1. Failed condition for B:Ser123, given (1) touching a residue at least 40 places away in the same chain (Cβ under 8 Å); (2) away from chain A (no Cβ under 11 Å), with all others met?
2. Which one of the conditions (1) within 22 Å of the chain's Cα centre (by Cα); (2) surrounded by fewer than 20 Cβ atoms within 10 Å (Cβ to Cβ); (3) aliphatic (A, V, I, L, M) does B:Leu50 fail to meet, given that it meets all the rest?
3. Of the residues that make up the range B:193-202, is at least one farther than 23 Å from B:Val75 by Cα, more than 8 Å from chain A (Cβ to nearest Cβ) and modelled with pLDDT under 90?
4. Among the residues of the range B:248-265, are any modelled with pLDDT of 90 or more, surrounded by fewer than 24 Cβ atoms within 10 Å (Cβ to Cβ) and aromatic (Phe, Trp, Tyr)?
5. With respect to the numbered conditions (1) on the phi < 0 side of the Ramachandran plot; (2) of a type outside the set (Gly, Ala, Ser); (3) surrounded by fewer than 24 Cβ atoms within 10 Å (Cβ to Cβ), which one is the sole condition not fulfilled by B:Phe348?
6. So in the range A:51-94, with the set limited to residues that are closer than 25 Å to B:Leu177 by Cα and among the polar types (S, T, N, Q), which one is nearest to the chain's Cα centre (by Cα)?
7. Of all residues in the range B:190-206 being of a type in the set (A, V, I, L, M) and surrounded by fewer than 17 Cβ atoms within 10 Å (Cβ to Cβ), which is nearest to A:Val85 (Cα to Cα)?
Amino acid sequence: MVDALSAVFQRPNFLAFVVIFLWGFYIMVTRYNLVKKLIGMYLVQTSVIFFLVSISAKKGATVPVLLSTTEPVQAASYANPLPHVLTLTAIVVGVATTGVGLALCGAIYRKYGSLDEEKIIEKL
Amino acid sequence: MSHQLPAILFLLPLFAAISMPVVCLKHRHWSYRISVAVLTVMVLSSVFNLHNVVNYGEVRYVFSGWTVPLGIEWVADGLASVVLVLVSALGLLGVVFTGPTSPQALGGRIVHYYTLILLLMSSLVGIVFARDLFNLFVFLEVAAIASYALIGVAGGRALFAAFRYLILGTLGASLYLLGVSYLYAVTGTLNMTDMVERLPMLLNSKALVGGLVFMFIGLGIKMALVPFHAWVPEAYTYAPDSISPILASLVTKVALLAWVRIIYWVFDASMVIYGIQILLLVGILGALASVIGASLALAQRDIKMMFAYGGISHIGIILIGIGQDNSTGFTGGIFYLLNDAVMQAALFFLAGVAFCQYGVRTIEDMGRVGKQAPWLTGSLIVVGLGMVGLPPTGGFFGKWYIILGALEAGNYLSVAAVLLSTLLTLGYFVKLFESIFRQSPAQPDAPSGEIPFSCKLALGITSAAIMILGLFSAPIVRLLLNETLPPHL
């Protein structure tokens, strides 16, 4: 038990990931306001990106451009470029989804005059 | 030339989609012709691609010359090529069906509508070909974003259904991405072929199990597996009549194909984690989905809602076939996937024609159509035979091979689930036919109008395809057995 707890608290990033993910999920499930649901959704997406950044962080590494072409490559001294690319792509995908979601929210507000899920269901 | 086909098949609809808003700025009516032309070329090249793959073996395509562990790899193997022919043919049929009905419903948004359909088609090509887990995520999201917009395009209730789909679909995509990052953290690679070599030493890793579970839940939401199916019925019911055939037949099936790729091609499907066989789990979830989906369909009054729940139960039947871990069951599952895509398209074409021409929404309304619409009733009978699974249709042979596979594996629970769901399917089609053929003089006849030629074409081709898949099931199943089996089956 103590071992498990100390293992958790030695990785504050992963703890933060779990908290942000569950927080976003809680907002998505419990709030009736559609924009708040979108905020929760965005938190969930961001938490996954945060996780991806956390697992690929490297201390004392530099940008992935070769410092010298003559010496053998020291992999430990360069950051891995792949997770950064993945993170950028995931951010772009998240922005696109949020954009479509906000557009739908706008159209729903113009049609039903409210963003409250319960009021909209009454009017359906 | 032919080794570039995977890229051509993807870039053709993508470039057409990107250029369409510019090309069709002045001439809106061009958008329909351009999409029909592009999709026809796509059907022809996908058939050519299938021919090449069957005769000369699979095509491995790497983008801009970056070889395998570094670059993104696409593989056109037998399974991908067969499914691609289905995807492009049903996409073309869906657009042809759309032609005459959409302009009234969509007004000035017709160009954006066709742009989104072509974007959806190109992302489906990406999902089918991709051999890179992250690439798969990107295309799943492009397909999902295009579907959200297409469902919401008509306004009204569809907006709210699209919003719910967006919330659930994005949660699914985030979980899938989380699973991918777990697997990346464990193996250090995203390429499927590269990952296969590194997995066997890592089978006891908890991160691997966690990643697999998150990916399964994420793709389960995308493929409308039963506990996560809540978005499907509303989204397909309130989507414009012209778009629900394409969405219902293609999007969920292609997500299921992505899951099949991951469990059979990346993981050794027969692997046991903490004493639980993953395929057994897939089979049980499939059995639950097939029975629960069909029972919910039996309770519906709205015909589109009923067909949507029918589709959910068929996803379960496909998963039962996939989960047997023998070649008979796998082939049956893939054959049933092809059949189910055609049947779902046919059902939603039917529902679209019934609503546009006769104003039919519920089962009771169907009674008013009955005898004055031979095209509608005729194709409904064919699709009904297929959905229930009676001999001359493809649905029968799909279920037959799935049951044979389950018997071979000694899984009597799965056999019972397929049979029970067949009985329930029979139940809701009997309800529908009873309402059509019952004499009800009290009901006034619906205003009759001639069904447009393109709708007749779509209904005729899908009904014929259901029969042809049944009559020529032997060569098709032989093709699937020879070409589409995963490496170790």
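1. With (1) touching a residue at least 40 places away in the same chain (Cβ under 8 Å); (2) away from chain A (no Cβ under 11 Å) applied to B:Ser123, the lone miss is (1).
2. (2)
3. yes
4. yes
5. So the condition that B:Phe348 fails would be (3).
6. Selected residue: A:Thr87.
7. It comes out as B:Val196.
This table checks each residue for (1) more than 14 Å from chain B (Cβ to nearest Cβ); (2) farther than 30 Å from B:Leu168 by Cα; (3) surrounded by 15 or more Cβ atoms within 10 Å (Cβ to Cβ).
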{"position": "A:Gln45", "(1), (2), (3)": "no, no, yes"}
{"position": "A:Leu52", "(1), (2), (3)": "no, no, yes"}
{"position": "A:Thr62", "(1), (2), (3)": "yes, yes, no"}
{"position": "A:Leu67", "(1), (2), (3)": "yes, yes, no"}
{"position": "A:Ala75", "(1), (2), (3)": "no, yes, no"}
{"position": "A:Leu82", "(1), (2), (3)": "no, no, yes"}
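The values are calculated or read from the model by the stated rules, or taken from the named source; none is laboratory data. This structure is a prediction, so every number in the text was calculated from the model and none was measured. Cβ sites come from the backbone with ideal geometry, for glycine too, and all protein chains shown count toward neighbours.
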